[in-house]
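*Asks:* Provided herewith is a single structure, encoded as structure tokens, for subsequent inquiry.
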Amino acid sequence: MGQGPQELFQLFGIPVTDTVVVSWAIMLVLWIFAIFASKNIEMVPSGAQNAAELFLEAILDLIEGMMPNEGKRFLPLIATIALFIGMANLVGIIPTVPNPTADLNTTLGIALIVFVATHYYGIEKKGVGTYLKEFIEPSIALLPLNIIGELAKPISLAFRLFGNMAGGGVILGIIAMFVPWVIPVPLMAWFDVFVGVIQAFIFTMLAIAYISVARG
Amino acid sequence: MALDANTVISAASALGAGIAMIAGIGSGIGQGYAAGKATEAVARQPEAQGDITRTMLLGQAVAESTGIYALVIALVLVFANPFLG
């Protein structure tokens with residue numbers, strides 16, 4: 001309970017934790033699925049292509065809802081984040097497999113990608129001058145507050161996902177100490193499936209919201 | 001049992017973790033309020049259910065932040081105590 005990521009082996013002197021190994025496995029599964037789904041694309045989709053289109057169109061609708069006519073542009077970034085976090089949250093339902101998102105390194109890494117993307121797309125849309133000018137609005141006295149507000153975004157994004165997944169794991173661990181049989185199963189479904197899907201959705205929504213706010 | 005520094009720090013950390021989780025009250029009230037208002041909105045405009053649910057979840061996620069910060073502090077105090085020598 002709550003041991004955190006364990007070091008499994010060393011690769012060129014760099015320690016590799018179980019989080020990283022599970023992340024690689026998820027990437028491999030998603031990659032194979034993507035190849036399988038896009039092997040022979042048809043006008044009337046079926047099977048894997050159908051599932052992929054269903055997911056991508058749902059994400060596209062989310063982006064179009066906040067940034068009209070720019071959905072296709074942000075789809076690769078946002079859909080990748082949504083797919084990876086969704087899989088990483090769901091994978092915990094397999095016993096003994098740790099959630100990669102219950103490790104702060106994973107969540108902070110993804111949050112920093114969103115942070116960099118937010119500012120990149122903001123500067124690209126508005127230009128450097130206008131973008132920097134927004135930090136001293138409505139007055140220059142609010143400059144520190146605006147900077148802290150921007151820095152708080154990736155931190156809250158990362159800690160929200162990490163706290164939810166790690167907290168769920170700790171609660172499951174405590175319950176499993178008292179009642180090792182039957183009772184943890186519905187709780188596992190709750191924490192890994194329900195909370196996991198909701199948190200992946202929220203992370204995706206917030207990433208879209210941050211980018212759309214930065215682009216004005 | 002001798003009362004050395006680490007015992008006192010452990011006991012205080014356990015208490016601190018519990019006290020930190022009082023912050024859960026705030027996010028609980030906030031999320032409940034948002035859910036209640038969303039229910040009212042859906043009752044008034046059932047056709048806008050998708051948008052309302054999406055907005056509610058987004059607002060609840062932001063309201064949850066403070067509770068999650070408290071949880072992280074409690075987890076650090078219990079599992080990775082920085083004060084223990």
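*Asks:* Ratio of Rg to Rh for the stretch A:1-57, alpha carbon only, Kirkwood?
*Replies:* 1.24
*Asks:* Order the peptides A:107-114, A:13-20 from the highest to the lowest mean number of other Cβ atoms within 10 Å of their residues.
*Replies:* Most protected by this proxy first, the peptides run A:107-114, A:13-20.
*Asks:* Please list, ordered by chain and number, the residues whose modelled amide H lies under 5 Å from the amide H of A:Thr17; skip anything fewer than 5 residues away on the same chain.
*Replies:* A:Leu8
*Asks:* For the stretch A:100-141, what is the per residue volume of the convex hull drawn over the alpha-carbon atoms, in cubic angstrom?
*Replies:* 88
*Asks:* A further question follows. Specify the angular offset, from 0 to 90 degrees and rounded to the nearest 10, of the alpha carbon long axis of helix A:104-126 from the longest principal axis of the alpha carbons in chain A.
*Replies:* 20
*Asks:* Suppose R0 equals 35 Å; then what is the FRET efficiency for A:Val182 and A:Ile41 from their Cβ-Cβ distance, rounded to the nearest 0.05?
*Replies:* After rounding, the FRET efficiency stands at 0.20.
*Asks:* Now for a different question. Count, for each residue of B:54-67, the Cβ atoms from other chains sitting within 10 Å of its Cβ, then give me the mean as a whole number.
*Replies:* 4
*Asks:* Can you show me the helix-derived [θ] at 222 nm for chain A, built from DSSP H runs with n ≥ 4 at -39,500 (n - 2.57) apiece and divided by the number of residues, rounded to the nearest 500.
*Replies:* After summing the helix terms and dividing by the residues of chain A, the value is -23500 deg cm²/dmol.
*Asks:* Sort out for me the Cα centre separation of the stretch A:90-161 from the stretch A:171-216, rounded to whole Å.
*Replies:* With the stretch A:90-161 and the stretch A:171-216 each reduced to a Cα centre, they are spaced 19 Å.
*Asks:* Also, I was wondering about something else. Tabulate in residue order the Karplus-calculated ³J(HN,Hα) for the stretch A:51-61, using 6.51 cos²θ - 1.76 cosθ + 1.60 with θ = phi - 60°, rounded to whole Hz; enter x for Gly and Pro.
*Replies:* Running phi through 6.51 cos²θ - 1.76 cosθ + 1.60 with θ = phi - 60° gives 4, 5, 5, 4, 5, 5, 5, 5, 5, 4, 4 Hz.
*Asks:* Roughly how many Å is it from the Cα centre of the stretch A:51-77 to that of the stretch B:1-74, as a whole number?
*Replies:* Each part's Cα centre sits 30 Å from the other's.
*Asks:* With the calculation restricted to Cα positions, what are the radius of gyration and Dmax of the stretch B:5-80 in angstrom?
*Replies:* 17.7, 62
*Asks:* Then there is this: How large is the convex hull of the C-alpha atoms of the protein assembly as shown per residue, in Å³?
*Replies:* 217
*Asks:* Please determine, in degrees from 0 to 90 and to the nearest 10, the orientation of helix A:18-37 with respect to the longest principal axis defined by the Cα atoms of chain A, where the helix direction is its Cα long axis.
*Replies:* In chain A, helix A:18-37 runs at an angle near 80 degrees to the longest axis.
*Asks:* Ok, one more. How tilted is helix A:71-90 with respect to the longest principal axis of chain A? Cα atoms for both, answer in degrees (0 to 90, nearest 10).
*Replies:* With both axes taken from Cα atoms, the answer is about 30 degrees.
*Asks:* Starting from the stretch A:137-216, pick out the chymotrypsin sites (Phe, Trp or Tyr not before Pro) whose DSSP state is loop and whose Cβ has at most 13 other Cβ atoms within 10 Å. Present the calculation step by step, with values, prior to reporting the outcome.
*Replies:* Numbers: sites: A:Phe159, A:Phe162, A:Phe178, A:Trp181, A:Trp190, A:Phe191, A:Phe194, A:Phe201, A:Phe203, A:Tyr210; in loops: A:Trp181.
Loop-located and lightly packed - A:Trp181.
Coordinate-derived values only; no laboratory data. These figures come from a predicted structure and were not determined experimentally. Methodologically, a virtual Cβ is constructed for each residue, glycine included, from the backbone with ideal geometry; neighbour enumeration extends over all protein chains shown.
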